[in-house]
Amino acid sequence: MTDRSTSYQPALDGLRAVAVLLVLVFHAGFTWMPAGYLGVSVFFTLSGFLITRLLLAEHDRTGGVSFGAFYGRRLRRLLPASLLCLVLVMVARGFGAFSRVEGLRSDIIGAALQIFNWVSLAGETSYGELFIGGVSPLEHFWSLSIEEQFYWVWPAVFVVLARRSRRRGWSVLGPVAALTAVFAAAAPLIAVVWGADAAYWATPARLAEILVGALLACWVGRGGVVPAGARHAALPALAVIVALSCVLPSGSGPAYQGALPLVAVVSGLLLWSLQVPGVVHSVLSARPLVGLGKISYGVYLYHWPIDTLLRERGWRLDTIGGFAVAFGLTLALTLVSYVALEQPIRRATWRPRLTMATAAAATACVALLTVTLPTAEPVIAVDQELLDAASIDSVDGSLAPLQPAPGTAAPGTTVPGTTVPGVTSTIDATSPTTSSTTPTTTMPTTLPLQLDLPPAPVRPVRILVVGDSTSLYVAEGLARWSIDHPAHARTGVRWTQGLTFLLEPEIVTFDTPGVLEESRRTVGELVPAAVAELRPDVVVLMVTVNDSSNRRWSTDEGVLTPYDARYRERLRAAYAGLADQLIAMGVPEVAWVLPATPYHLWLEPEMNEPDRYFVQHDVIREIVAAGGDRMSAVDFHGWLTASGLYRDNEWRPDGVHLTNESAADLAEQWLGPLLVTTALGG
């Protein structure tokens, strides 16, 4: 056995640094690296290599493996920082952070017991978890759990393989290669049978990536010769990993189809090439990279809770400044943890039994502390009492025509109020302008920011809001405003989480179970029934997310984005059909809301692209322009931007939904008077 098989290699710590940087950039939300999660795959392969070469060296030296000593080392190395991270998350929750994260207790217990990936697979993603406020600060523990599960099982499996191989006069290389091949073949099978989530999160689907490293360790440890020319493979292998991180999609594609063992082969090639000196070997051995690599475990561990906390406070991390702040805070906490906690415990000479007893007691204490966590606030909270108080009464017979009260002038085409000259509703000061592939229709040049309430009409205006959860909050704001102005308006709502007006194709991104079925029921049954029963004067239509999600109409056509002309035309047809249906039912005014684009909707990074929402805006304007005087466009995005509230974290804490307070302010300042004036013919 060569010295190379067990000696310290600084370049491998440098590779750790590269891997963790890929993950950090990806998690920050930079759209130019949508697949930085491949850094985790590199970690898996590297871990398999390092752990197996230690086991192989001990087995060759002593004829066996001291399981107690091995597990004691692993526990002292990994558990202190892990438990500290969980405690800090609980402390932060006690001070009000992560208040909308559902299931945080089970997340903490799953992370503490090193089964977080299985907890994630067993649960269902809630609608709230699609948004920043509902994202768990412990999401990244899935990968740590897979590694730790491997650490618990692999020593015993390796010893069995090594002993049987020795008795038969074989090299252990053969059995490890066979095992690697079995799990590599299992990964795509798991994707087909159990789906994309299992292909990404299930331990058996990811074991091949770790075993590729283990196989390389066995080959090197058994005297495999790495020629000097191997150094030439390092740069291409590293370039492939980085390139794939930049071109593969974030929420679909090969990673979710069981193809990550192929990435592990590239990672294994890189590790193999780093066994001999070369340019890449020298670069990765540079002190800054080696230093970051040595603390990469802590960096990975602490970065995601910090990222999540900053996003909750309205920070954008996909900017140089935001990323620098997040990275700086992560490094500071990591270094304190590394110096004050991890290294002293790692250097301790406790007996294995004491280590395991202490680890079990500490883990139990952390799990028990979860009972002190406050109950999560739902991302989507329905104030049914408020909605009932403001609801529209049913109409059995005739309804008096809506008109201004006697002695008052009918509203004109110009609504009194404060305007900002030169502010157009297409301008988003924080986003790029509309894509050239989606031409913009003619727009007004001024946007009222504060509207005066006209005199009360002869009867209250009957407003029916239809849409998704963003429209629910708008409706609740209008409901509160209606209660304060009972002579002016009454408000009803028909909503569904994730509602879409585009009812036919499969939703590829940002889908939740049952959304299409519930949307068809809402649009096809509940809304027509409400129109017939309530006879609204204005129907307000508002959908924010799913009508800008990627769709698949057919397998042959593949996935279409809103930038595709076919997608745009089908969206226009669906919107025109819905508007025509409402008008045919006698609705006097259909008000289409141009929703405010999300500003830190992280889980699907492509959903941060403002241009995809502007496609929906333009389609709405086209429908309104062709619809005559019974349709209007309500430019909520333009109003929020012109008001300077687009990125106001008090208005939209999760970057998507209004709060009860901000929705009430919206209705009072602008939307309530606008809808009443519109209904009266203004």
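The values are calculated or read from the model by the stated rules, or taken from the named source; none is laboratory data. Quantities reported herein were computed from a predicted structural model and do not represent experimental measurements. Methodologically, a virtual Cβ is constructed for each residue, glycine included, from the backbone with ideal geometry; neighbour enumeration extends over all protein chains shown. What goes into the accessible areas is simple: the full protein's heavy atoms, side chains included, and nothing from ligands, DNA or RNA. Shrake-Rupley method; radii C 1.70, N 1.55, O 1.52, S 1.80 Å.
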Original post:
Just checking, which of P460, P505 is open to solvent by 10 Å² or more (accessible area, probe 1.4 Å) and either under 31 Å from the mean Cα position of the chain (by Cα) or of a type outside the set (A, V, I, L, M) (or both)?
Top reply: P460
**OP:** Confirm whether E661 is outside any helix (DSSP H, G or I), open to solvent by 10 Å² or more (accessible area, probe 1.4 Å) and without any contact (Cβ under 8 Å) to a residue 40 or more places away in the chain.
**Re:** no
Original post:
Do we have Q114 as closer than 14 Å to F141 by Cα and either open to solvent by less than 30 Å² (accessible area, probe 1.4 Å) or modelled with pLDDT of 95 or more (or both) here?
Top reply: yes
Subject >> Selected residue [within 24 Å of Q581 (Cα to Cα), in contact with a helix residue (DSSP H, G or I) (Cβ under 9 Å, 6 or more places away or on another chain) and at pLDDT 95 or above] from L541, L478, L503, L499 >> reply: L541
**OP:** Could you check, for the range 331-340, whether at least one of its residues is open to solvent by less than 60 Å² (accessible area, probe 1.4 Å), over 26 Å from the mean Cα position of the chain (by Cα) and farther than 30 Å from A475 by Cα?
**Re:** yes
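Residues checked against (1) more than 30 Å from R166 (Cα to Cα); (2) free of Cβ contacts under 8 Å to residues at least 40 places away in the same chain; (3) open to solvent by 40 Å² or more (accessible area, probe 1.4 Å); (4) assigned to a helix (DSSP H, G or I):
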residue: A198; (1), (2), (3), (4): yes, no, no, yes
residue: V212; (1), (2), (3), (4): no, no, no, yes
residue: C218; (1), (2), (3), (4): no, no, no, yes
residue: V240; (1), (2), (3), (4): yes, yes, yes, yes
residue: V263; (1), (2), (3), (4): yes, no, no, yes
residue: V280; (1), (2), (3), (4): yes, no, no, yes
residue: Y297; (1), (2), (3), (4): yes, no, no, yes
residue: L309; (1), (2), (3), (4): yes, no, yes, yes
Subject >> The listed residue being more than 30 Å from R612 (Cβ to Cβ) and surrounded by 18 or more Cβ atoms within 10 Å (Cβ to Cβ), out of L83, L21 >> reply: L83
